[in-house]
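To keep things clear, I will list the structure first and then write my remarks on it.
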Amino acid sequence: MRAAWYERQGPAREVLEVGDQDDPAPGAGEVRLRMAISGLHPGDVKKRGDTLGTGLHYPLIIPHSDGAGRVDAVGEGVDPAWLGQRVWCFGAQSYRAFGTAAELTVVPEERIAQLPDGVPLEEAASIGIPGITAHRAVDVASPLAGKTVVVQGAAGAVGSCAVHLARRRGARVLGTVRGPEQEETARRAGASEVLLVGERLEERLRSLAPEGLDHIVEVAFGANLELDLAVLRNGGSIATYATDVPRPELPFWPLVFANVSIHFLGSDDFSPKAKSRAAQELSDALAEGWRPFKRFDRYPLSAIASAHEQVEKGQPDGKVILDLTAERRL
């Protein structure tokens, strides 16, 4: 099979290779997918570049955790009814060496979900990491019906998914964005109000929720903690999946007196049940017509280094994907 891989960490053009690897075979409890689309996220780029200093855990890594395609082989104990099914997968390279940047990949059966009819492959191939993170960020505060939720960074991939999922559960959702050009993305996701960061944000949040916010989905924990504490109601909660500084200071006693619950979320380490529950709700939302991403920047497998560099530049209203079928058509 054709695949991309790296054997050391560093800049994309220096470490990524593309060539032939042996076809993998599914073991017990696993399925093999013939990949059509490989989704690419900031986390994949950070692993390749060792941004967080975690090191190289395997001698050879085929990157990317998310993707979509068809099941073409199943291992022992897996229902053969999966054969030929369109599916999307998540966590393919979470604590595993071989991800979705290949024509074939093997994943545990619990990491696939059936792709609803009519849902484009690229949508499902891009939803795993941001969608499952967003699902957990709203799920920790359930039930949400009738509550007021703020999503910080509501135009980002995780943020816009969180807006939609919280709205789908009956919450009133307020979203914050960094610039006017991001407002449309947050509104399209389902935010009832969109607020610009820095424009009397605390004052506006207090006016929209005089009794305090019930829950905050947070993308910049260190920078926003004081603001979040100021606008939360007593007993409110924060779910955070990212921070601007690695060791933020905690205002301990104000958090204690306000009975604030803080949930730290790392998508690789959610329980299998939480991931499966998230995958089902995300599939349901896609089947209902939700399309979370405005556009897709498509690259062939041979241009994976360029795709990684595009993610590093940022793609605020779209997603970067690898089309694994592009070169098969040539």
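The values are calculated or read from the model by the stated rules, or taken from the named source; none is laboratory data. Remember, predicted model here, so these are calculated numbers, not experimental data. Every residue, glycine as well, gets a Cβ built from its backbone with ideal geometry; the counts of neighbours run over all protein chains shown.
Applying the selection to segment 104-121, what residues are more than 28 Å from VAL18 (Cα to Cα), over 19 Å from the mean Cα position of the chain (by Cα) and of a type in the set (Asp, Glu)? The one that is more than 28 Å from VAL18 (Cα to Cα), over 19 Å from the mean Cα position of the chain (by Cα) and of a type in the set (Asp, Glu): ASP117. Any chance segment 173-180 includes a residue that's closer than 18 Å to GLU30 by Cβ, of a type in the set (Ser, Thr, Tyr) and buried (at least 24 other Cβ atoms within 10 Å of the Cβ)? Taking every residue of segment 173-180 in turn, none turns out to be closer than 18 Å to GLU30 by Cβ, of a type in the set (Ser, Thr, Tyr) and buried (at least 24 other Cβ atoms within 10 Å of the Cβ). Sort through ARG48, ARG13, ARG8 and tell me the only one that's in contact with a Gly (Cβ under 9 Å, 6 or more places away or on another chain) and touching a residue at least 24 places away in the same chain (Cβ under 8 Å). Just a single option satisfies the conditions, and that option is ARG48. One residue is enough: does segment 144-166 have a residue meeting the conditions surrounded by 16 or more Cβ atoms within 10 Å (Cβ to Cβ), in the same structural domain as ASP23 (by TED's automatic domain parsing) and part of a strand (DSSP E or B)? No, the conditions are met nowhere in segment 144-166. The set of residues in segment 217-228 being crowded, with 18+ Cβ neighbours inside 10 Å and part of a helix (DSSP H, G or I) consists of PHE221, ASN224, LEU225, LEU227, ASP228. If the condition is being over 28 Å from GLY318 (Cα atoms) and in contact (Cβ under 8 Å) with a residue 60 or more places away in the chain, then segment 17-31 contributes GLN21, ASP23, PRO24, ALA25, PRO26, GLY27, GLY29, GLU30, VAL31.
Picking from residues in segment 80-103 that are touching an Asp or Glu at 6+ places or on another chain (Cβ under 8 Å) and either farther than 25 Å from GLY19 by Cα or among the charged types (D, E, K, R) (or both), the one that is surrounded by the most Cβ atoms within 10 Å (Cβ to Cβ) is TRP82.
Tell me, please, whether a residue that is loosely packed, with under 14 Cβ neighbours inside 10 Å and at negative phi can be found in segment 314-323.
No; the residues of segment 314-323 include none that is loosely packed, with under 14 Cβ neighbours inside 10 Å and at negative phi.
Only residues that are surrounded by fewer than 24 Cβ atoms within 10 Å (Cβ to Cβ), assigned to a helix (DSSP H, G or I) and either touching an Asp or Glu at 6+ places or on another chain (Cβ under 7 Å) or without any contact (Cβ under 8 Å) to a residue 40 or more places away in the chain (or both) were counted across segment 182-194, and they come to 3.
For segment 238-261, a tally of residues being within 20 Å of ASP139 (Cβ to Cβ) and either crowded, with 22+ Cβ neighbours inside 10 Å or within 20 Å of the chain's Cα centre (by Cα) (or both) returns 5. Pairing each residue of segment 279-306 that is among the basic types (Lys, Arg) with any residue that is surrounded by fewer than 18 Cβ atoms within 10 Å (Cβ to Cβ), provided the two are 6+ apart or on different chains, yields C-beta distances under 6 Å for LYS294/ASP317; LYS294/GLY318; ARG295/GLY318.
The condition of being touching a residue at least 24 places away in the same chain (Cβ under 8 Å) and closer than 27 Å to ARG111 by Cα holds for only one of SER271, SER267, that being SER267. Of the residues making up segment 262-292, those that are surrounded by 16 or more Cβ atoms within 10 Å (Cβ to Cβ) and of a type in the set (Lys, Arg) number 2.
Of all residues in segment 33-58, exactly one satisfies the criterion of being buried (at least 22 other Cβ atoms within 10 Å of the Cβ) and over 20 Å from the mean Cα position of the chain (by Cα), namely LEU33.
In this structure, ALA81 qualifies as without any contact (Cβ under 8 Å) to a residue 12 or more places away in the chain and among the hydrophobic types (A, V, I, L, M, F, W, C).
Note on segment 270-291: residues that are within 15 Å of ASP66 (Cα to Cα) and either not in a helix (DSSP H, G or I) or not hydroxyl-bearing (Ser, Thr, Tyr) (or both) total 4.
For every residue, the table says whether it meets (1) modelled with pLDDT under 95; (2) of a type in the set (A, V, I, L, M, F, W, C); (3) not assigned by TED's automatic domain parsing to the domain that holds ARG167; (4) not in a strand (DSSP E or B).
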| position | (1), (2), (3), (4) |
| --- | --- |
| ASP297 | yes, no, yes, no |
| SER302 | no, no, yes, yes |
| ALA305 | no, yes, yes, yes |
| HIS308 | no, no, yes, yes |
| LYS319 | yes, no, yes, no |
| ARG328 | yes, no, yes, yes |
